[in-house]
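Asker: Okay, here's the structure, questions in a sec.
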Amino acid sequence: MNPPHSLPIERRIERGPSAASRTLAGFIFASRWLQAPLYLGLIIAQAVYVVLFFVELWHLIEHSIVEGNFSETDVMLSVLALIDIVMIANLLIMVIIGGYETFVSKIRVQGHHDEPDWLSHVNANLLKVKLAISIISISSIHLLKTFIEVGRMKDGLVLDAKGEPIYSYDGVFWEVVIHLAFIVSALALAWIDKMSQHSPSKHTDQLTAGAVEAELKEAPRGPVVAAGGTQEFVTVRLPAGTPLPEGASVVPPRG
């Protein structure tokens, strides 16, 4: 017998997917782990960049301090090369952590004091925007190195110590054009991400046992009777085995 202040709940049990369907879906879902070796390979590439950074740093110290044959421009170019390596290493870290978090599995570092700020709300769109910004930063470093070198351009060419051309007027022009293309692409990705966040989406109310219990507590006391004199029911679909909220009961379907 139902309590006078509650609404009886009709519980319907639907047959779920077959065992073969669940097995196939589980196999397809587990295929995401095929990407894990790719991120391990990027970690090895990150280690290579660490070694390359210290090699470049040693060359800078050797030529500027030990031998003393580095000019201010040469030091600046070497420092820009170090910054370039660091920017690429940051890009690798972003791809490794963000890609693994988005496409493979949760890293579960919530609450860790070293957790990156962007990791808590990372998604595919945000990762694309951050990668585009990183690529623009790397391109800016290369463009700055080019601008320093073109200061000694003669007849539209910049020659190295062996007399080989390393920069030309056309090459510098296309570097600027490519850099602007990177900027336009980043702005387009950011605009698309902003539009997707502000686009109206359909929100479906998910009815859970807790929500039903809250609704029952707010229901008026006394029996609820429909206009025809029969008791009114609230039909709720719950997964099989879900405990019913307090004051609810199962009634057989009508008919």
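Yes/no per residue for (1) of a type in the set (Val, Ile, Thr); (2) without any contact (Cβ under 8 Å) to a residue 40 or more places away in the chain; (3) in contact with a Cys (Cβ under 6 Å, 6 or more places away or on another chain):
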position	(1), (2), (3)
VAL66	yes, yes, no
GLY98	no, yes, no
ILE133	yes, no, no
ILE136	yes, no, no
ILE148	yes, no, no
GLY156	no, yes, no
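Asker: Check the stretch 41-58 and report whether any residue there is without any contact (Cβ under 8 Å) to a residue 40 or more places away in the chain, β-branched (Val, Ile, Thr) and within 17 Å of GLY99 (Cβ to Cβ). Before the answer, list the steps.
Answerer: First, pick out the residues of the stretch 41-58 that are without any contact (Cβ under 8 Å) to a residue 40 or more places away in the chain: 41, 44, 47-48, 50-58.
Now narrow it down to the ones that are β-branched (Val, Ile, Thr): 44, 48, 50-51, 55.
Next cut, within 17 Å of GLY99 (Cβ to Cβ) only: 44.
For the stretch 41-58, residues without any contact (Cβ under 8 Å) to a residue 40 or more places away in the chain, β-branched (Val, Ile, Thr) and within 17 Å of GLY99 (Cβ to Cβ): present.
Asker: Which condition number in (1) under 21 Å from ILE96 (Cβ atoms); (2) basic (Lys, Arg); (3) assigned to a loop (DSSP other than H, G, I, E, B) is the one that LYS162 fails?
Answerer: (1) is the only condition that LYS162 fails.
Asker: May I ask you to list the residues in the stretch 95-124 that are buried (at least 16 other Cβ atoms within 10 Å of the Cβ) and in a helix (DSSP H, G or I)? Talk me through it step by step, then tell me what you get.
Answerer: Going residue by residue through the stretch 95-124, those that are buried (at least 16 other Cβ atoms within 10 Å of the Cβ) are 95-101, 122.
VAL95, ILE96, ILE97, GLY98, GLY99, TYR100, GLU101 - these are the residues of the stretch 95-124 that are buried (at least 16 other Cβ atoms within 10 Å of the Cβ) and in a helix (DSSP H, G or I).
Asker: What pairs come out if I take residues in the stretch 27-39 that are surrounded by 10 or more Cβ atoms within 10 Å (Cβ to Cβ) and pair them with residues that are aliphatic (A, V, I, L, M) whose C-beta lies under 7 Å away, six or more apart or interchain?
Answerer: Final answer for the pair search is ARG32/VAL104; TRP33/VAL104; GLN35/VAL104; ALA36/VAL104; TYR39/ILE96.
Asker: Additional query: Scan the stretch 60-78 residue by residue and report those that are part of a helix (DSSP H, G or I), farther than 18 Å from GLU149 by Cα and open to solvent by 50 Å² or more (accessible area, probe 1.4 Å).
Answerer: Listed by number, the residues that qualify are ILE61, GLU62, HIS63, ILE65, VAL66.
Asker: A further question on this structure: Looking only at residues in the stretch 165-180 that are part of a helix (DSSP H, G or I) and at pLDDT below 85, which one is surrounded by the fewest Cβ atoms within 10 Å (Cβ to Cβ)? Break it down stepwise before answering.
Answerer: First pass over the stretch 165-180, keeping only residues part of a helix (DSSP H, G or I): 169-180.
In the following step, the residues that additionally are at pLDDT below 85 were identified as 169-172.
Values: TYR169: 13, ASP170: 9, GLY171: 15, VAL172: 18.
Step by step, filter the stretch 165-180, then rank; the result is ASP170.
Asker: Also, quick follow-up: Tell me, which residue of the stretch 1-48 that is in a loop (DSSP other than H, G, I, E, B) and small (Gly, Ala, Ser) is modelled with the highest pLDDT? It would help to see each step written out before you state the result.
Answerer: Of all residues in the stretch 1-48, those in a loop (DSSP other than H, G, I, E, B) come to 1-8, 11-18.
The next check asks that each one be small (Gly, Ala, Ser); those that pass are 6, 16, 18.
On the way: SER6: 50, GLY16: 66, SER18: 82.
Of everything passing the filter in the stretch 1-48, SER18 is modelled with the highest pLDDT.
The values are calculated or read from the model by the stated rules, or taken from the named source; none is laboratory data. These figures come from a predicted structure and were not determined experimentally. Because the Cβ atoms are built from the backbone with ideal geometry, glycine has one as well, and the counts that use them run over all protein chains shown. Calculation scope for accessible area: heavy atoms of the full protein, side chains included, ligands and nucleic acids excluded. Shrake-Rupley method; radii C 1.70, N 1.55, O 1.52, S 1.80 Å.
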